[in-house]
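The values are calculated or read from the model by the stated rules, or taken from the named source; none is laboratory data. Please read all numbers here as calculations on a predicted model, not as lab measurements. Every residue, glycine as well, gets a Cβ built from its backbone with ideal geometry; the counts of neighbours run over all protein chains shown. Each accessible area value is taken on the protein alone, full model and side chains, heavy atoms only, with ligands, DNA and RNA left out. Shrake-Rupley method; radii C 1.70, N 1.55, O 1.52, S 1.80 Å.
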Amino acid sequence: MSKKGIAIQEDITPNLIPMIDIMFLLLLFLMISSDMAQRELEDVRLPIADVVKEDKPDSDNKEGERLTINVYHLLENQASCSVYEGGGICREERHWRIGVKGVDFTDMEKLFQLLDKEAASGRKGDNPKALRVSERKVMIRADGAAPYGMPQKAMNVCARAGMYKIDVGAAQPSPDGGAPKKSSH
Amino acid sequence: MAGSSNIGEASDNPVGINVVPMVDVIFCLCLFFMCSLKFKQLEGKIETWLPKDRGVEQTPPDKIVLEEIRVFMRWIDGRTVTKVGNRAPAGSDLELMQTINQMSNDYKKLGKTEFPVLIDALHDVPWKDVIHVLDLCKKDKLERIEFAAPIELPVKSGN
């Protein structure tokens, strides 16, 4: 006579609720920390400077009132530039772009039209001499490998538009002293 | 009495929700956000000024300010050569800042406080070298640093 084994079937179901809770929190954190807004800052390798001030909105100049001009390296059709990729100074003018809020403003007249319009909000006073001078701040974020001619062009247009308060974007030195990586937000 | 013993248990719920697809979707979303997450590089700003009268009015300025420390930057033989005024090119950062500070002290001795350090770089000098000089000046508490008016020259083609 064979013994009949008693089949005990245990129903082991993992409780998924705490895991879902944690994953929701993780998802929330990642969604908040990622910037889905329109890119104001382009990918650039900022030059290193020791005296960089933390970029906090000033009491008299709110962050929204400052315009950021990016000077960045960009090639059409995903082409690559061996000089730039190798960390060198690329002097090919057509490899460089000047952009504001994700729009290409490499054409200086187009940039002037934009800056002139933006500068209007910062112009004060009745003095005709000072009438063209704008208190509006501009930040120039240029790639460290860019030839000075590119940010210089942007500065020249700023001056034409009467914008003389210029902030220059720079990166803080990394603790290991390594080369800066491309920076974007 | 018998019914109260299994309150809250899975067997108590006649309509079970299958959470597995939801977990899958959340996993995918987490993966996407984790891959697209970029940590912000610490970056900031250096305040500089452009001359107020440049590009604003075509008439000559009321007074011509000759007190300035002009730092020339040129790209010669694959490196940036920096010199102050008509002096010899600076061999090092230390030498450059010694010259600038010496001129600055001379101006101060003469009772002149309003003198800018003017960075006069050519278009082919790397931007990082210009920022380096700006950084050195800022480190030495020279606050009034300006960029010289640009010379309209095309950027050299070819690397």
Residue tally, condition aliphatic (A, V, I, L, M) and either over 19 Å from A:V52 (Cβ atoms) or free of Cβ contacts under 8 Å to residues at least 12 places away in the same chain (or both), over segment A:131-154: 4
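Please enumerate the residues belonging to segment A:151-168 that are open to solvent by less than 10 Å² (accessible area, probe 1.4 Å) and either in contact with a Gly (Cβ under 8 Å, 6 or more places away or on another chain) or not in a strand (DSSP E or B) (or both). Can you show your working first?
Initially, segment A:151-168 is screened for residues open to solvent by less than 10 Å² (accessible area, probe 1.4 Å), giving A:151, A:154-155, A:157-159, A:161-163, A:166-168.
Residues satisfying the conditions are A:P151, A:A154, A:M155, A:V157, A:C158, A:A159, A:A161, A:G162, A:M163.
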Which numbered condition B:K108 fails, given (1) assigned to a helix (DSSP H, G or I); (2) buried (at least 19 other Cβ atoms within 10 Å of the Cβ): (2)
Selection count where residues are open to solvent by 40 Å² or more (accessible area, probe 1.4 Å), within 14 Å of chain A (Cβ to nearest Cβ) and touching a helix residue (DSSP H, G or I) at 6+ places or on another chain (Cβ under 9 Å), scope segment B:111-142: 4
